[in-house]
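Peer 1: Please see the structure below; I have some questions.
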Amino acid sequence: MMNKSGGGWSPNGDDQQPWLQLDLQDRFKVTSIATQGRWGSSDWVTRYQLQYSDSGRTWRPYRQEDVIWTFIGNSDTDTVVQHKLPHSIRTRYMRLLPLEGSPKGGMGLRLEVYGCTYKSDVADFDGRSALLYRFNQKSTSTVKDVISLRFRSHQAEGVLVHGEGQRGDFLTLELQRGRLILHLNLDDAKPQSTGRSSSVMLGSLLDDHHWHSVQIERFNKHVNFTVDGHTQHFRCLGQEDTLEIDYELSFGGIPLPGKPGTFLHENFHGCIENLNYNGVNVIDMAKRRKPQIYTVGNVTFSCSESSSVAVTFLSSTGSFLMLPADYSMESLSVRLQFRTWNQEGLLFSVPLSLDPDPINLLLQLSQARLLLSLSGGQQNSAQVLSGQNLNDGQWHSIAVENREFSLCNLVLVVDVVFDLKDSKLGFSIVLGCPLFQCDFNCENPNKGYQGCLRLLFINNHPVDILQIQQETLSNYSQISFDVCNIQDRCLPILCEHSGQCIQSWDQFYCDCSGTGYTGATCHNSIYERSCEAFRKTGSQSSVFTIDLDGSGPLEHTQVNCTMAEDKVWTVVGHDHMRIIDIRGSTPRSPFVLIFNYTISPYHLRSLVTSSEHCQQEVIYRCRKSRLFDTWDGTPLSWWLDRDGVKRTYWGGFLPGVQQCSCSLDGNCRDMNYFCNCDADQDTWANDTGVLSYKDHLPLSEIAIGDTNRTNSQAELQIGPLRCYGDRFFWNSASFYQESSYLHFPTLQAELSVDISLFFKTSALSGVFLENLGVRDFIRLELSSPYTVNLTFDLGDGPVIITVQSPVALNDRQWHYIRAERNVKEASLQVDSLPLKLNEAPSERPYRLQLSSQLFVGGTASRQRGFLGCLRALIINGVTLDLYERAKTTPGVNSGCPGHCTSDSVCHNGGRCVEERSSYTCDCTQTAFDGPHCRTALAASFESGSSVLYTLQEPFSGILNEEARRSPAGFHDADVTKSQEKVSFGFLTHHVPALILTAHTLDQHYLAVMLTSNGSLQIQYLLNKEKGTEKFSPGSSSLADGRFHWVKINRKGQELFVQVSLCLHSSSCPILFPVSGSDTTDKELVQAGLRGFIGCLSSVQFNQATPLKAALQNSQSPLVTVIGRLEASSCGTISSLNTLSNTHTHSDQGKDPLKKADQNDLALIGGVVAAVVFITLCVLAIIIHFLYRHRRTSAPSVITGKMHRPSMEHPPYRAALDLHKPNHDSKEYYI
């Protein structure tokens, strides 16, 4: 009791895993717990966890947000610390597990628990029983249903609720593989013939012998399905709103009509309590033997307890349990059940002989299969494999039998029984793998078993797990008794955009292959957001894949990007692009044309909204066909806008004017009419117009209604939707009072959020944005002229990510920030500085719960506000309209002063730099030159000429240490952050030719070449085990003496290639990998020996521009030029508007670019060479040259997690002068 003199609890100092257990004598609803230090001592508990149980044998940890919760305890002896449980628990037994004691003394406490009595109606089903609730009438038809219950299951399968009608309606709630599935059909037809039933799955691992709550709420077709507080809303398919059930509802199984005790499906084995159907307490009625309830089999009204006790092996490197094998000296049999998520793990090992050549019997998981093996001794090892996908989190049974003393004949029976004949027995059985046991040799000690075990029998004798725990001399480590701590980390679904969740015991990974997204949770799109982005990088006209809302819900789509001199048009076609001849239509029966566009209506709306200008041409030629009635002006033809609203104007951007373009321009054929066609003449007239009012575009339907008179005829052609400009990229606001801010709705950032913005300021510090919750918050700020901080708190303490800039950021120039936080990690990037990454612990809260408004440019306290300009603020793919919001906010102005206010000032990725009275374009980190970064830099290569370039920074494919240490089988699934962007133009007649190659020191490489037939080929070696992978975007020859532009972009497992042809376009197939080949590819060697003869232009590899460096700064230690290199003008053709083809390859169905062996990929690059691969002995002279120019000093120490920035962001300031090679140097050949 609290505050009483004397008393308290303190564990034995030798206890490895102390706990204090309470028996409340009956089930209670516990709502709060309070602790205090042990009286008269320096003992208290600073941190602890809770477990609870109905039986005292099977325990469940207390969780919050699906995380085992750690409570903060005491910091002195006398203060009472009380915690109100956010989620009350219903239990009889409780355990307090102290994690940390007093630094002045030890562990000790006084404890009080608060709650109230809990009463329930319980029914126990033995797997052969059911309760039937029979209706008063033959059938019941309901518009609204509410079913609620709590259940505790002994098995993973079983029907809990079922009802059906003769007309085809049914409702079934059942367990399948430990998950609840609700089947619901409201159609008056059998679902087998119509396929109209709805099935929804929720929950996981529900066969854990613990109570789970379920509620089903239906109103008409709308259904809320809730399991353990997680709700999924869905709408039933079909036309009906009522659920018609005949005769009865069954609980616990589906009895076969006419045969009591016979079931159609596997019936439920476990307990159900508080079962309510539309206000009827079914179990209470059954206890009172009401006639509406019929009992099938043996149903009792008290819940039986499970006899099995589970143990959890917590660590794959240190958990073990050693048991003496003294049950029999003549034979050995081992039976057990296990469940795990890991693919690898040593389940148990038995030394069969301790002779000079020890022999061990090992049972282990290997690639999610069971492997039984004999190892050691003079004879060869024997192995037997069984099962598959045994890491699915389900319980699996194992039986190993030994007889007749011999070491042969490993016999495999079924799930999963091994029969080992003729074997001598040793002295002990080891479950898991003890690292520190000198007398036992574990195979793969870093892959010990991590998971749950139960029902362990040795020689048919059950092993008493509880007794082992209580024995002081027991030999075990890192084991939790009486509890299976398995957790399904893939539920709720935390992978976004249809990413596939793959989990191990400790963590989950998202496989983003084929989704078009990347990142730890597949949050970020790999595609650009608009055609404008391709113009900035110097791309040519082509069909491109874009993602209009970035990380938002819209999927990526393909559009045509047409590059003009001053703007970029995004062109979207439809299914009626041809000229259509129209005759015989009347206003009552018009000719109607419905348009289906190449992208969805959601994409169309997003495109029009984000564009600066959109238009659609309507070409209309007529003869004796009017658009408006000449007597009263009634429209005889019309069109529908994107929302289906009828419109009658035929040109311009003024929707209220019922006129044609000729009237707006003042040049109609007959000035008495507003349209040429309304003159109703028997000659052809033209009323072509361009519709440009964005809110009405594009057209969804058009109707022509006056072509049924003699000689009446019309010709119609609707052009594609054409848009240009990014309305939001320069959407900005100026903050000139520290107390001012803009406010927006609360951030939707519970599981993930990404924030990007541009800023410029002269202030020393300021908050860019802040959003608060009750305990949680997120803040992005400039904390000093050199420092940007991302700070957030999930309720367990703030996390701060800091990026330090080597130059001041308050220089009145535009700087870029991108911050992201998801359940796996948080990151912050400033300009092109390396990404700073913070990985989230697996056992911690992961929901960011915010409630206040979003403050932009300031805080709720009106302190530390931002002074300067913000623009292009994008959050989760949505651009916030700073310009409009600033119009009504004191202390904030719309727009930003300065000269860098246009997206078209600097081209090809050039950076606009503010000057005092003008601007300049910084082209330092582009492959172009000139006042606006539009001048291509090109050079002519002769036979034997080449360029060697040493990169200054590590390639972006470096894996972090956690990725290298991730469990086996997860390297392929781990989200890769490696990428490279390569672009160049070339002109040649000579083949084969090696255009570019890039190496790592461990011989991973990228090579771009022209084959003997002139086709382009890209080769990657990222995994030595898989060999070289080849990609060919087409078979046509590019060695035709014309200039071609090539762009290569690899992001993880996705490869994109664009080939621009200046004079024509040809269709090219999607890239597919050619089978791997050896590094010494003969054609590649031949191409390397020939080198490249021709013209190369604007070569760029990520942020490196080797050709530009060779032409403008040939004395740089980064550049080595071999042979003769002359500047050329061939690259000027790259500025022309050309046609191109874009090719995409992803790993759907294939696996071309896995990152399993990309660790420490630091890139060496090069373009065209007589020197190519250091592994080719035929190139000995070149190898000598390669090593002569390689610099391999010891790498400098780097703190934190630093990743190479994405090229999607503006390059960092030119003031970053890095002209000395990095210690970790790489080389690049041209």
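Peer 1: So, LEU654, is that one among the aliphatic types (A, V, I, L, M), part of a helix (DSSP H, G or I) and either open to solvent by 60 Å² or more (accessible area, probe 1.4 Å) or modelled with pLDDT under 90 (or both) or not?
Peer 2: Details: among the aliphatic types (A, V, I, L, M): yes; part of a helix (DSSP H, G or I): no; either open to solvent by 60 Å² or more (accessible area, probe 1.4 Å) or modelled with pLDDT under 90 (or both): yes.
Considered against the rule, which asks whether it is among the aliphatic types (A, V, I, L, M), part of a helix (DSSP H, G or I) and either open to solvent by 60 Å² or more (accessible area, probe 1.4 Å) or modelled with pLDDT under 90 (or both), LEU654 comes out as no.
Peer 1: A further question on this structure: Which one of GLY105, GLY127 is in contact (Cβ under 8 Å) with a residue 12 or more places away in the chain and at positive phi? Give the steps one after another, and end with the answer.
Peer 2: Values: GLY105 fails: at positive phi.
On inspection, the qualifying residue turns out to be GLY127.
Peer 1: Would you confirm, using the coordinates I've provided, whether HIS162 is touching a strand residue (DSSP E or B) at 6+ places or on another chain (Cβ under 7 Å), open to solvent by 10 Å² or more (accessible area, probe 1.4 Å), free of Cβ contacts under 8 Å to residues at least 24 places away in the same chain and over 30 Å from CYS452 (Cβ atoms)?
Peer 2: Details: touching a strand residue (DSSP E or B) at 6+ places or on another chain (Cβ under 7 Å): yes; open to solvent by 10 Å² or more (accessible area, probe 1.4 Å): yes; free of Cβ contacts under 8 Å to residues at least 24 places away in the same chain: no; over 30 Å from CYS452 (Cβ atoms): yes.
Here the answer is no, as HIS162 does not meet what is asked.
Peer 1: Among the listed residues LEU828, LEU769, LEU782, LEU757, identify the single one that is more than 23 Å from GLN863 (Cα to Cα), modelled with pLDDT of 95 or more and either out of contact with any strand residue (DSSP E or B) (no Cβ under 9 Å at 6 or more places or on another chain) or buried (at least 19 other Cβ atoms within 10 Å of the Cβ) (or both). Write out each step before concluding.
Peer 2: Working: LEU769 fails: more than 23 Å from GLN863 (Cα to Cα); LEU782 fails: more than 23 Å from GLN863 (Cα to Cα); LEU757 fails: more than 23 Å from GLN863 (Cα to Cα).
Only one candidate passes the filter, namely LEU828.
Peer 1: Out of the residues in region 787-798 meeting the condition of being modelled with pLDDT of 95 or more and crowded, with 16+ Cβ neighbours inside 10 Å, tell me which one is farthest from CYS495 (Cα to Cα).
Peer 2: Here the residue is VAL788.
Peer 1: Looking only at strands (runs of 3 or more DSSP E) that lie completely in region 725-840, which have at least 2 residues being over 30 Å from SER611 (Cβ atoms), free of Cβ contacts under 8 Å to residues at least 24 places away in the same chain and out of contact with any Phe, Trp or Tyr (no Cβ under 6 Å at 6 or more places or on another chain)?
Peer 2: In region 725-840, the matching strands (runs of 3 or more DSSP E) lie at 777-784, 787-793, 798-804.
Peer 1: Here's another thing I want to ask about it. So which residues in region 883-915 are of a type in the set (Asp, Glu) and either open to solvent by less than 50 Å² (accessible area, probe 1.4 Å) or more than 37 Å from the chain's Cα centre (by Cα) (or both), if there are any at all? Talk me through it step by step, then tell me what you get.
Peer 2: First, pick out the residues of region 883-915 that are of a type in the set (Asp, Glu): 884, 903, 914-915.
Passing the criteria: ASP903, GLU914, GLU915.
Peer 1: Yes or no: THR598 modelled with pLDDT of 95 or more, open to solvent by 60 Å² or more (accessible area, probe 1.4 Å) and of a type in the set (Val, Ile, Thr)? Quick ask: steps written out before the conclusion?
Peer 2: Working: modelled with pLDDT of 95 or more: yes; open to solvent by 60 Å² or more (accessible area, probe 1.4 Å): yes; of a type in the set (Val, Ile, Thr): yes.
Spelling it out, THR598 is indeed modelled with pLDDT of 95 or more, open to solvent by 60 Å² or more (accessible area, probe 1.4 Å) and of a type in the set (Val, Ile, Thr).
Peer 1: Let me ask something else about it. Could you please find all residues in region 1014-1032 being outside any strand (DSSP E or B) and touching a residue at least 24 places away in the same chain (Cβ under 8 Å)? Before you say what the answer is, go through the steps one by one.
Peer 2: Filtering region 1014-1032 down to residues outside any strand (DSSP E or B) leaves 1014-1015, 1022-1027, 1032.
Selection gives GLY1014, LEU1022, ASN1023, LYS1024, GLU1025, LYS1026, GLY1027, SER1032.
Peer 1: Separate question: Identify, please: which residue in region 92-125 is farther than 25 Å from VAL161 by Cα and not in a strand (DSSP E or B) and is, among those, most open to solvent (accessible area, probe 1.4 Å)? Don't jump to the end; show me each part of the working.
Peer 2: First pass over region 92-125, keeping only residues farther than 25 Å from VAL161 by Cα: 92-117.
Subset that is not in a strand (DSSP E or B): 102-108.
Working: SER102: 9, PRO103: 118, LYS104: 164, GLY105: 45, GLY106: 23, MET107: 47, GLY108: 0 Å².
Per the criteria, the residue is LYS104.
Peer 1: Here are some residues: GLU738, GLU715, GLU750, GLU701. Which one is under 24 Å from the mean Cα position of the chain (by Cα), open to solvent by 10 Å² or more (accessible area, probe 1.4 Å) and of a type in the set (Asp, Glu)? Talk me through it step by step, then tell me what you get.
Peer 2: On the way: GLU738 fails: under 24 Å from the mean Cα position of the chain (by Cα); GLU715 fails: under 24 Å from the mean Cα position of the chain (by Cα); GLU701 fails: under 24 Å from the mean Cα position of the chain (by Cα).
Testing whether each residue is under 24 Å from the mean Cα position of the chain (by Cα), open to solvent by 10 Å² or more (accessible area, probe 1.4 Å) and of a type in the set (Asp, Glu) leaves just GLU750.
Peer 1: Let me ask something additional. Being of a type in the set (Phe, Trp, Tyr) and modelled with pLDDT of 85 or more is the filter here, so list the residues in region 896-943 that pass it. Quick ask: steps written out before the conclusion?
Peer 2: Going residue by residue through region 896-943, those that are of a type in the set (Phe, Trp, Tyr) are 919, 928, 941.
Result: PHE928, PHE941.
Peer 1: Next up: Is it fair to say ILE68 is of a type in the set (A, V, I, L, M), under 14 Å from SER102 (Cα atoms) and open to solvent by 20 Å² or more (accessible area, probe 1.4 Å)?
Peer 2: On the way: of a type in the set (A, V, I, L, M): yes; under 14 Å from SER102 (Cα atoms): no; open to solvent by 20 Å² or more (accessible area, probe 1.4 Å): yes.
Judged against the criteria, ILE68 is not a match.
Peer 1: Going through region 922-948 one residue at a time, which ones are of a type outside the set (A, V, I, L, M), open to solvent by less than 20 Å² (accessible area, probe 1.4 Å) and within 41 Å of the chain's Cα centre (by Cα)? Show your work before the answer.
Peer 2: Filtering region 922-948 for residues of a type outside the set (A, V, I, L, M) gives 922-926, 928-935, 940-946.
With open to solvent by less than 20 Å² (accessible area, probe 1.4 Å) added as a condition, the list becomes 923, 926, 928, 933, 941, 945-946.
Selection gives CYS923, THR926, PHE928, CYS933.
Peer 1: Exactly one condition in (1) assigned to a strand (DSSP E or B); (2) open to solvent by 50 Å² or more (accessible area, probe 1.4 Å); (3) of a type in the set (Lys, Arg) is false for ARG128; which is it?
Peer 2: Unmet condition: (1).
Peer 1: Output the residues belonging to region 859-907 that are at positive phi and either among the hydrophobic types (A, V, I, L, M, F, W, C) or not in a strand (DSSP E or B) (or both).
Peer 2: Going through region 859-907, the residues at positive phi turn out to be 862, 864, 868, 872, 876-877, 891, 895, 898.
Matches in region 859-907: ARG862, ARG864, ALA872, ASN876, GLY877, GLY891, GLY895, GLY898.
This table checks each residue for (1) modelled with pLDDT of 75 or more; (2) open to solvent by less than 30 Å² (accessible area, probe 1.4 Å); (3) among the hydrophobic types (A, V, I, L, M, F, W, C).
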{"position": "GLY957", "(1), (2), (3)": "no, yes, no"}
{"position": "VAL982", "(1), (2), (3)": "yes, yes, yes"}
{"position": "THR997", "(1), (2), (3)": "yes, yes, no"}
{"position": "THR1000", "(1), (2), (3)": "yes, yes, no"}
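Peer 1: If you scan region 670-686, which residues turn out to be in contact (Cβ under 8 Å) with a residue 40 or more places away in the chain and either of a type in the set (D, E, K, R) or part of a loop (DSSP other than H, G, I, E, B) (or both)?
Peer 2: Applying the first criterion (in contact (Cβ under 8 Å) with a residue 40 or more places away in the chain) to region 670-686 yields 673-678, 680-686.
Within region 670-686, TYR673, PHE674, CYS675, ASN676, ASP678, ASP680, GLN681, ASP682, THR683, TRP684 meet the criteria.
Peer 1: Take residues that are under 30 Å from SER551 (Cβ atoms) and either touching a residue at least 60 places away in the same chain (Cβ under 8 Å) or among the polar types (S, T, N, Q) (or both) and tell me which of the strands (runs of 3 or more DSSP E) falling wholly in region 582-642 contain 1 or more. So that I can check it myself, show each step before the final result.
Peer 2: On the way: elements: 591-594, 611-623, 638-640.
Because the criterion is at least 1 residues that are under 30 Å from SER551 (Cβ atoms) and either touching a residue at least 60 places away in the same chain (Cβ under 8 Å) or among the polar types (S, T, N, Q) (or both), the strands (runs of 3 or more DSSP E) in region 582-642 that meet it are 611-623.
The values are calculated or read from the model by the stated rules, or taken from the named source; none is laboratory data. Here the structure is a predicted model, which means the values were calculated and not measured. Here the Cβ is made from the backbone with ideal geometry for all residues, glycine too, and neighbour counts use every protein chain on show. These accessible areas exclude ligands, DNA and RNA; they are computed on the full protein's heavy atoms, side chains included. Shrake-Rupley method; radii C 1.70, N 1.55, O 1.52, S 1.80 Å.
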